[in-house]
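Bear in mind that the values in this text are calculations on the coordinates, not laboratory data. Note that the structure is a prediction, hence the values are computed from the model and not measured. Neighbour counts are summed over all protein chains in view; Cβ atoms, including those assigned to glycine, are modelled from backbone coordinates with ideal geometry.
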Amino acid sequence: MNQQNNRLPPGQRKTDRFPVLQHGLILRIDRSKYKLRIEGLVEKPVELTLDELKNLKKLDETVDIHCVTSWSKFDTKWAGLPFKELMGIVKPKPNAKFVIMHCADGGFTTSLPLQAMMDDDVLVAYEYEGKPISDDHGGPVRTIVPKRYFYKSAKWLVRLELVEEDEPGYWERGGYSNSADPWKEERYA
Ligand SMILES: Nc1nc2c(c(=O)[nH]1)N[C@H]1C(S)=C(S)[C@@H](COP(=O)(O)O)O[C@H]1N2
Ligand SMILES: [Mo]
């Protein structure tokens, strides 16, 4: 998929560590009480427990991630429910244009056009390197959106809301790009 020799977007440096980044504290979510809600402009809003989520289609993928603060990490392995598959269940209404990802850390959100989220590589992920995602990397469930800077990959995801008008998220309101394409180096608004 990626060309071996040109995997580093402009202005990025490769790291072998996995830095932990968020605006506040690391959360510890009770896995037994966890629920993901999908609502807004959908025909069938649903609420899924972790077990229910894991019983749906599972996709394993190995992708490069790119943080806007300039680190890139190659070959990270995630597994989860393809976002596209989830949309097949809830059925977006025709006027659904954006997806707001709501997180458990104090009203943190990020958003993307529904069309961008429908890419085959977008995951509602619950495993990293073959194990449940740890607290520091946003477990039990986070989104993985490989084609955007990593602030579009929401940790501690609790709710997906489909809306007609975009609502720029936490980092985006702070001056970061709302389109966030690392290959076009869209870092700032
Ligand atoms: N809920 C939540 N998700 C978030 C953030 C956050 O502050 N809160 N920070 C984003 C940023 S800026 C980055 S770089 C990645 C970091 O993910 P990591 O800690 O697993 O490396 O999470 C993104 N998702
Ligand atoms: Mo980031």
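What's the exposure ranking of 142, 187, 17, going from fewest to most Cβ atoms within 10 Å?
Lowest count first: 17, 187, 142.
Set Lys and Arg Cβ to +1 and Asp and Glu Cβ to -1, take the dipole of the chain about its Cα centre, and tell me which of 62, 168, 146 lies farthest positive.
The residue sitting farthest along the positive end of the dipole is 62.
Please list, in order, the residues from segment 101-123 whose amide nitrogen is less than 20 Å from a point placed 7 Å along the Cα→Cβ vector of residue 84.
Those under the cut-off are 112-123.
To the nearest 20 debye, what charge dipole does the chain have about its Cα centre, counting +1 at the Cβ of each Lys and Arg and -1 at the Cβ of each Asp and Glu?
Dipole of the chain, to the nearest 20 debye: 240 debye.
Packing-wise, with mean Cβ within 10 Å as the measure, how do 53-64, 108-119 rank, highest first?
108-119, 53-64
Calculate the spin-label point distance for residue 47 paired with residue 189, positioning each point 7 Å from the Cα along the beta-carbon direction, and give it in nanometres.
My value for the distance between the label points is 3.3 nm.
In nm, what is the difference between 0.36 nm times the number of residues separating residue 91 and residue 7 and their Cα-Cα distance?
So the extension gain works out to 26.8 nm.
Per residue of segment 36-52, in order, report the coupling 6.51 cos²θ - 1.76 cosθ + 1.60 (Karplus, θ = phi - 60°) as ³J(HN,Hα) in whole Hz, putting x for Gly and Pro.
Listing the rounded values in order: 10, 9, 10, 8, x, 7, 10, 6, 10, x, 9, 10, 10, 7, 4, 5, 4 Hz.
Modelled label-to-label distance, residue 77 and residue 16, 7 Å Cα→beta-carbon offset: nm?
Going by the 7 Å Cα→Cβ label model, 1.7 nm.
Quick check for me: using +1 on Lys/Arg Cβ and -1 on Asp/Glu Cβ, what's the dipole size of segment 146-189 about its Cα centre, in debye to the nearest 20?
340
If you restrict to DSSP beta bridges whose two residues both lie in the chain, what percentage is antiparallel, to the nearest 5?
85
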